[in-house]
Amino acid sequence: MSVRRLAIIAVVLAVSIFGIELGLSVLRQRTIDVVVRVEGPPSSVASEAVAGNATPMPGEPASAVGSLLVSPPGIVIVDVAWRYRIGPRFPVTTLRAEISDGAGVVVASDELTITCETAGSLQCDGDQPLTLRFGSLDAGAGGDTASLWPVGEYTLRVTRAFAGISPATLVNRPVIVAE
């Protein structure tokens, strides 16, 4: 074979591989849905007084609308659902939910790591709640020191990080604790 033929075969092979990878990357989906809710006795403060903006700003997720109203014994729950399609390689994904006080000190946190370790799988999906109680840092790690929420204003932040990529904020929302 001549050098020219080998070069043409190499170019065709490279373009084919690039085209297949490009097609798979379009089909590959990584969907993570986050829904925030509050459990516990209702606060005596009218929810309309703290609801804030009823419509999201452009580019803002719907779950980021308005403030969350929590009573002191309440629990903030972040429901996470993920759907990854067209494997077989899925990135390790870490989701972290934190509530911080006005001084920026984290007062409640929980974390979830999605590994999708099934070999040869073309999809990986599931759901899991992240539970946030005052004083409970990384609730899934076991060292739970939860107590009642002090009345005040806090900020909920939920981030997602794929392996090797810096975290992206999914939810950034005010939390108001009232009697």
Practice task
Whole Å is fine, so just give me how far the alpha carbon centre of region 71-135 lies from that of region 5-28.
Solution key: 36 Å
Exercise for the section: Show the residues, 5+ positions off or on another chain, whose built amide H is closer than 5 Å to the amide H of VAL171. Expected result: VAL158
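Ranked highest first by the average count of other Cβ atoms within 10 Å around their residues, in what order do 161-172, 72-83, 94-105 fall? Before the final figure, lay out each step's value.
Numbers: 161-172: 12.8, 72-83: 18.7, 94-105: 16.0.
In descending order of packing, they fall as 72-83, 94-105, 161-172.
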Problem - Amide proton proximity set for ARG133, modelled H, under 5 Å, gap of 5+ - result: SER109
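Readers should treat all values here as calculations from the given coordinates under stated rules, not as data from a laboratory. Since this is a predicted model, take the numbers as computed values, not measurements. Positions of Cβ are generated from backbone atoms using ideal geometry, with glycine treated the same way; all protein chains shown enter the neighbour counts.
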